[in-house]
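I have placed the structure first, in the form of structure tokens, so that the comments after it can refer back to it.
Coordinate-derived values only; no laboratory data. Owing to the predicted nature of the structure, the values given are computational and were not obtained by experimental measurement. In this analysis, Cβ positions are derived from the backbone assuming ideal geometry, glycine residues included, and neighbour counts consider all displayed protein chains.
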Amino acid sequence: ELTKLFQKSKSSGTGTVRITMKQYDGQDRHRPRKNRQPRRRAGGSGSGDATSSGGGECGCLIRATLNSRKLSTVVHQKDVNRFQLAFSSLLKGNIDGLKKRDKKAAAAATAAAAAAAKAKAKAS
């Protein structure tokens with residue numbers, strides 16, 4: 001699916017494929033802070049300790065977006081190496097739209113900036 005996103009981006013000529021990665025512990029909703037007392041609701045018992053789901057394996061949540069199209073997946077710890085190999089080969093094959101850096105122009109710009117700095121130093 002990610003390959004299709006890259007191909008669609010190239011063929012249409014517009015849009016950028018954005019990829020984000022973050023730690024994912026399997027929790028879909030936030031956990032209350034440990035130091036905070038929970039709010040008491042009217043009519044409820046109000047007793048509740050903040051328990052965390054510890055001991056579980058953490059994974060990596062990967063999201064990719066192109067315009068309004070979104071993809072997401074979770075990679076578990078035991079599959080990270082295999083995923084990284086596949087992901088890096090996919091990126092190497094699809095990152096060809098980058099422009100080469102003009103080394104001569106960059107060197108000329110730095111030389112001009114150095115000359116301007118010397119001239120300014122002599123003038124002061």
Exercise for the section: Report, ordered by chain and residue number, the lysines lying within cross-link reach of Lys8, taken as a straight Cα distance under 28 Å and ignoring same-chain residues fewer than 8 apart. Expected result: Lys22, Lys70, Lys92, Lys99, Lys100
Fill in the blank from the handout: Here FRET efficiency (C-beta to C-beta, Arg31 to Thr73, R₀ 35 Å, nearest 0.05) is 0.95
Practice task
Kindly write out, for segment 65-78 in residue order, the coupling ³J(HN,Hα) from the Karplus curve 6.51 cos²θ - 1.76 cosθ + 1.60 (θ = phi - 60°), rounded to whole Hz, with x marking Gly and Pro.
Solution key: 10, 9, 6, 9, 7, 10, 10, 8, 8, 10, 10, 7, 4, 6
Problem - segment 60-124: relative contact order in percent, alpha carbon pairs under 8 Å with at least 6 residues between - result: 17 percent
Exercise for the section: Would you list which lysines come within 17 Å of Lys104, measuring only between C-alpha atoms, while excluding same-chain residues fewer than 8 positions from it? Expected result: none
